[in-house]
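Asks: First, the structure itself, so that you have it in front of you.
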Amino acid sequence: MHLYQQLMSHIQDQIRVGVYRPGQILPSIRELAQQRAVSRNTVVQAYDRLAEMGLIASRDRTGFYVLTPHVRVAESVKTINELMPSTPGHDHLAFSVVRSAGSSQLAPLGSAHPSGEFPALQSFRRIYNRQQRIARREEVKLTQYEVPPGHAGLRRQLVRHMARSGAIVDPEEIVVTNGCQEALSLALQTLTQPGDIVAIESPGFYGTLQCLEVLGLQILEIPSDPLYGINLDLLEQALARWPVKVILINPVFNNPQGHVMPDEAARRLLALTEQADLPIIEDDVFGDISYESGRPRSVRSWDGQGRVLLCSSLSKSLDSDLRLGWVAAGRYSEQLCYRKYVTTMACRGQIQAAAAEFLSGSRFGRHLKMISRCYRERRDFTLETINRYFPSPTRVNLPRGGFHCWVELPAVVDSSRLYTELMKQGISATPGTLFGVRGQFDHFLRINYSCINNNEKYTIIFKKIADVINAICDTV
């Protein structure tokens with residue numbers, strides 16, 4: 001056995017017995033080389049191989065740290081014969097979760113809302129209020145609706161903003177919407193008819209699943225890897241078997257898994273869909289909240305044919321109340337623009353004007369750096385606390401961005417029952433059963449950590465969640 005393999009084995013043993021816990025920084029290369037009396041190159045080889053195995057990861061300028069055990073692909077699907085188009089059936093539970101997430105009486109672990117404590121939001125409101133004062137003084141009618149495709153200045157700023165993901169977008173193809181959910185809905189309505197099949201990642205955001213159901217569409221769930229996203233081998237087989245009309249993905253800081261689709265996978269996805277000229281809807285709503293240096297590239301950034309409709313908003317990165325989203329619709333922009341006009345007519349003009357001014361400077365970039373740093377700290381606290389108090393076997397992903405973690409609980413725990421019991425304790429969390437059509441995520445839980453700004457308070461809350469889980473396990 002080579003020296004680096006011996007060192008790997010030693011580190012794995014220490015991780016297994018808890019000497020190094022998930023989220024903990026490992027000794028530096030120099031320090032470990034001195035401790036073990038080996039060369040630095042030996043340590044580098046050992047760390048690199050452990051990183052390839054998904055046991056550790058490098059963190060910018062701070063060395064290597066231990067990853068939490070990844071949630072597994074919760075499905076036993078291995079062949080195309082085990083897949084079948086279907087529809088969701090959790091509408092009442094989903095609506096209950098949405099309503100409870102907005103309650104000020106509950107610990108907000110179930111929401112999809114960002115924290116509203118950051119100064120950029122106040123800056124945006126000052127811009128908005130100043131524009132209102134100017135409008136009143138000069139009798140400028142800024143309160144009028146902005147008809148599709150939306151405020152020209154905002155669309156120019158969005159072109160600049162989306163370039164951060166590598167996407168080259170024409171302002172004329174952008175349609176401003178009431179949040180990302182409307183952007184996704186309009187994209188689906190533009191590309192499909194009731195009864196059509198839409199291929200999606202699984203697990204997938206329950207709001208998207210409910211939207212597909214309401215539109216009368218069939219859902220083909222393609223299993224998604226917790227690290228790399230949608231299973232492209234199964235997708236390729238699915239495209240050969242069924243008349244899929246569109247693929248809907250959330251590839252960058254996915255909700256709920258937090259994964260990022262690698263660049264080579266994005267290019268392969270475009271190649272798989274090229275012959276059939278198949279459109280792709282890309283939900284990029286969490287793409288700006290990155291814990292790593294640089295923002296990952298969007299799938300749209302690799303698209304040279306206008307087939308990828310990129311949907312996003314300011315709802316997750318700034319404030320949910322803004323209801324300000326957009327879709328860069330590529331070759332489908334005219335159709336989608338008309339669909340926007342005949343459904344919701346227009347969006348608020350003054351909000352769009354304020355957003356254009358807000359995005360024009362460096363404020364938003366500074367804000368993204370601030371929230372990314374803050375959310376990463378809250379992620380680390382959340383993962384450490386879950387690993388400390390939740391019963392075994394519990395697994396939780398290591399999100400690379402966004403503000404959700406995806407927790408796999410002991411198999412006997414029914415997440416719908418857990419949701420009900422937690423509500424009695426004044427805690428809102430999102431049951432995993434909502435994120436799939438076939439019940440494959442019944443023992444999962446999604447937790448939002450964006451608002452965890454008091455570690456002592458939330459340590460107590462996580463202990464309560466652990467107590468409820470243990471009580472459920474004891475009664476089964």
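The values are calculated or read from the model by the stated rules, or taken from the named source; none is laboratory data. On a predicted model such as this, the values are computed, not experimentally measured, just so you know. Quick reminder, even Gly has a Cβ in these numbers, built from the backbone with ideal geometry, and neighbours come from all protein chains shown.
Asks: Here are some residues: ARG268, ARG295. Which one is in contact with a helix residue (DSSP H, G or I) (Cβ under 7 Å, 6 or more places away or on another chain) and modelled with pLDDT of 95 or more? Give the derivation first.
Replies: Numbers: ARG295 fails: modelled with pLDDT of 95 or more.
When all the criteria are applied, what remains is ARG268.
Asks: Under the condition of being hydrophobic (A, V, I, L, M, F, W, C) and within 24 Å of GLN181 (Cβ to Cβ), which residue from the range 108-134 is nearest to the chain's Cα centre (by Cα)?
Replies: Top of the filtered list is ALA112.
Asks: Hey, another quick one. LEU418 passes all but one of (1) within 24 Å of the chain's Cα centre (by Cα); (2) of a type outside the set (S, T, N, Q); (3) at pLDDT below 95; which number fails?
Replies: Among (1) within 24 Å of the chain's Cα centre (by Cα); (2) of a type outside the set (S, T, N, Q); (3) at pLDDT below 95, LEU418 violates only (3).
Asks: For the subset of the range 282-300 comprising residues that are of a type outside the set (D, E, K, R) and surrounded by fewer than 20 Cβ atoms within 10 Å (Cβ to Cβ), which member is farthest from VAL175 (Cα to Cα)? Write out each step before concluding.
Replies: In the first step, residues of the range 282-300 are kept if they are of a type outside the set (D, E, K, R); the result is 285-287, 289-291, 293-294, 296, 298-299.
Checking the rest, the ones that are also surrounded by fewer than 20 Cβ atoms within 10 Å (Cβ to Cβ) come to 293-294.
Numbers: SER293: 30, GLY294: 26 Å.
Out of the qualifying residues, it is SER293.
Asks: Only one of ALA271, ALA240, ALA328, ALA266 is in contact with a Leu (Cβ under 8 Å, 6 or more places away or on another chain) and at negative phi. Can you tell me which?
Replies: The match here is ALA328.
Asks: Of the numbered conditions (1) assigned by TED's automatic domain parsing to the domain that holds ASN254; (2) over 30 Å from ILE280 (Cβ atoms); (3) modelled with pLDDT of 95 or more; (4) out of contact with any helix residue (DSSP H, G or I) (no Cβ under 7 Å at 6 or more places or on another chain), GLU357 fails exactly one; give the number of that condition.
Replies: Result: GLU357 passes all but (4).
Asks: Filter the strands (runs of 3 or more DSSP E) completely within the range 120-234 down to those with at least 3 residues that are touching a Leu at 6+ places or on another chain (Cβ under 6 Å).
Replies: Correct list: 197-202.
Asks: Confirm whether GLU201 is within 21 Å of ALA94 (Cα to Cα), surrounded by 24 or more Cβ atoms within 10 Å (Cβ to Cβ) and among the acidic types (Asp, Glu).
Replies: Details: within 21 Å of ALA94 (Cα to Cα): yes; surrounded by 24 or more Cβ atoms within 10 Å (Cβ to Cβ): yes; among the acidic types (Asp, Glu): yes.
Judged against the criteria, GLU201 is a match.
Asks: Where the second residue is among the β-branched types (Val, Ile, Thr) and the first is touching a residue at least 24 places away in the same chain (Cβ under 8 Å) and lies in the range 162-179, which pairs have Cβ atoms under 7 Å and are six or more apart or on separate chains?
Replies: Every condition considered, the pairs that remain are MET162/VAL169; VAL169/VAL159; VAL175/VAL327; THR177/VAL327; ASN178/THR344.
Asks: Filter the range 426-453 down to residues that are charged (D, E, K, R) and more than 15 Å from the chain's Cα centre (by Cα) and give me whichever is farthest from PRO391 (Cα to Cα).
Replies: Checking each candidate, the answer is ARG438.
Asks: For LEU235, are the conditions met, namely being over 20 Å from LEU184 (Cα atoms) and crowded, with 22+ Cβ neighbours inside 10 Å?
Replies: Values: over 20 Å from LEU184 (Cα atoms): yes; crowded, with 22+ Cβ neighbours inside 10 Å: yes.
Considered against the rule, which asks whether it is over 20 Å from LEU184 (Cα atoms) and crowded, with 22+ Cβ neighbours inside 10 Å, LEU235 comes out as yes.
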